[in-house]
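Trainee: Here it is: the structure, laid out below.
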Amino acid sequence: MDHLKKKSACVADLKKRAKRRIPGFAFDYVEGGCNSEVAVRGNRQSLDAVKLRADYLVPHKAPNLSTELLGQMYSAPLGIAPLGLTGIIWPNATLFHARAAKQSNIPFVLSTLSTNSIEQAAECAEENFWFQLYPPSDLSIRSDLIRRAEAVGCKNLVVTIDVPAAGQRPRDIKNGLAIPPRISPKSIFQSTLCPAWSIETLKAGLPQFASITPYMKDVSNMEDVANYIRTTLKDVVDQEMLKTIRDSWRGNLIVKGINNVGDALLAVEAGADGIIVSNHGGRQLDAAPSTVDTIREIKGALPEQVVVMVDSGVESGVDIARFLAQEASAVFAGRAFLYGVGAHGEQGAQHTIDILTEELTQVMSQLHCELPSQIVGNRID
C-alpha cells in the first residue's frame, strides 16, 4: 500500500481524491449533513477541542491496539459504521469494506439499507460481521431480517433509534438524491466527468437495497419503493420495541443513536448489552450535541458491564484517541471509509484502516500509552 500513501497520506487526502473521482451528487451524499449542517461542524469543533497530555518521561512500551468487545478480540478499537446506499459511491463498496474488516480484524456493521445483502456481506466479513437493523413495522419482515442475521452467524445486532423521521438534507434534495431519485441533466453531466465511476456503475447496474429487495413483492417502480420504505421498512423505535427485539434475538444487542443518559438507561433496562453514542454524523438532528461531549456522562451512568462505543465525526487516528480519552471502548467511522473507496476503489477500504490505525499507533506512542484503555489517563479536563 506504499504507493497509495504517496497519493493519500490521510483521510483528508482520501476526501479530496474521492471528490474528483465520484459524481458531485454522490460526494454530497457522503459529506453532507442535515439542515444547516451545524451538527456536522459541531462534531469537528468539539473533537478539536479535546487535548491530550503527553507524559514523555514515564516508561515507554510499544502500543498494542488489541481490544476486546462483547466477548471477541479485535486488532484495534476501530470499526466500520453502518453505511446506507454505499453502491452510489462505488459498486460493491460494502463488500470491499467487509473484506477489509475481516483482513484487519475489526468490526464491520452492515446497514439494512446497504446495496449488498446480509448474506453477501457476511460471507466477506465472517466472524467480524455485525448487522444494523432499522426495524420494519411489518413484524414478519422484522423477524425474517433477524432470522437471516442469525443464520449467517451474526452475534451482534445493532438497532438504530435516531431516525424517527427522515433527515432533512438540502444537498440531497437539490441533487435529486431522494426516493424516488431524479435523473437530471446535472446528474448526467456530473457522471460523465467521472468515467471510471460511470463504467463500473454501468457494469454493476443501478444500486438496489439488496437486503430488503426480497420483501418488495408488489413494487414495480421507484415511487413504490419510496412508499414501501416510508410505510413498511422503518418504524419508530421506542423502549417497548427494543424489549420485543431483545426477546427475539439471542446474541448481543447494541443500541445506536444514544446521546443522553436517559435514553442510555432505558436501553440498558430493555436489555442492551452495549450502546453506540451517536448523533448520526450530524445527518438527523442539526441541534444535536456532539458525541464527544456526551459520552463520559453516559458512560458514568451505566453499569460497568455495558459496552459503550461511539461514532460521529471521526476523520483521523487522533480523533479515535480523543474518543478513547473520553472513555469509549471502541470508535466507529463512516464517511472516512466511503472516501477511501471513492478515492481508490477496493484498495481504498484497506488503506483507510491502515491510515487510521497507523495514526492511532503514533498518538499512543507519543502519549506513552501501551493500550487504548490507558489514553483516558492522558485526558486534559
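Trainee: Do we find a residue being under 23 Å from V261 (Cα atoms) and surrounded by 22 or more Cβ atoms within 10 Å (Cβ to Cβ) anywhere in segment 333-343?
Mentor: yes
Trainee: If I ask for residues that are in a helix (DSSP H, G or I) and in contact with a helix residue (DSSP H, G or I) (Cβ under 8 Å, 6 or more places away or on another chain), which ones from segment 248-293 would you list?
Mentor: S248, V261, A264, L265, L266, A267, E269, G281, G282, T291, V292, D293
Trainee: Surrounded by 24 or more Cβ atoms within 10 Å (Cβ to Cβ) and more than 14 Å from the chain's Cα centre (by Cα): does that describe A125?
Mentor: Answer is yes for this residue.
Trainee: Suppose we keep only residues that are without any contact (Cβ under 8 Å) to a residue 60 or more places away in the chain and in a loop (DSSP other than H, G, I, E, B) within segment 38-65. Which one would you say is farthest from I320 (Cα to Cα)?
Mentor: L57
Trainee: Would you pick out the residues in segment 60-89 that are at pLDDT below 95 and over 14 Å from the mean Cα position of the chain (by Cα)?
Mentor: Once the filter is applied, which keeps residues that are at pLDDT below 95 and over 14 Å from the mean Cα position of the chain (by Cα), segment 60-89 yields G87, I88, I89.
Trainee: Which residues, counting only those in segment 26-57, are closer than 25 Å to A287 by Cβ and either of a type in the set (A, V, I, L, M) or in contact with a Ser or Thr (Cβ under 7 Å, 6 or more places away or on another chain) (or both)?
Mentor: V30, V38, A39, V40, G42, N43, S46, L47, A49, V50
Trainee: Inspect all residues belonging to segment 347-361 and state whether any of them is farther than 20 Å from K5 by Cα and within 23 Å of the chain's Cα centre (by Cα).
Mentor: There is no residue in segment 347-361 that is farther than 20 Å from K5 by Cα and within 23 Å of the chain's Cα centre (by Cα).
Trainee: Based on what the data block shows, is N175 among the polar types (S, T, N, Q) and farther than 29 Å from Q103 by Cα? Give the derivation first.
Mentor: Values: among the polar types (S, T, N, Q): yes; farther than 29 Å from Q103 by Cα: yes.
It is true that N175 is among the polar types (S, T, N, Q) and farther than 29 Å from Q103 by Cα.
Trainee: Of the conditions (1) under 20 Å from E358 (Cβ atoms); (2) part of a helix (DSSP H, G or I); (3) touching a Ser or Thr at 6+ places or on another chain (Cβ under 8 Å), A121 satisfies every one except a single condition; which number is it?
Mentor: Of the numbered conditions (1) under 20 Å from E358 (Cβ atoms); (2) part of a helix (DSSP H, G or I); (3) touching a Ser or Thr at 6+ places or on another chain (Cβ under 8 Å), the odd one out for A121 is (1).
Trainee: Consider A122 against the criteria (1) under 28 Å from D319 (Cα atoms); (2) in contact (Cβ under 8 Å) with a residue 24 or more places away in the chain; (3) of a type in the set (G, A, S): it satisfies all of them except one. Which criterion is unmet?
Mentor: (1)
Trainee: Is it true that some residue in segment 40-47 is modelled with pLDDT of 95 or more, out of contact with any helix residue (DSSP H, G or I) (no Cβ under 9 Å at 6 or more places or on another chain) and closer than 28 Å to N128 by Cα?
Mentor: no
The values are calculated or read from the model by the stated rules, or taken from the named source; none is laboratory data. The structure presented is a predicted model; accordingly, all values stated were derived computationally and were not measured. Please note: Cβ atoms are built from the backbone with ideal geometry, for glycine as well, and neighbour counts cover all protein chains shown.
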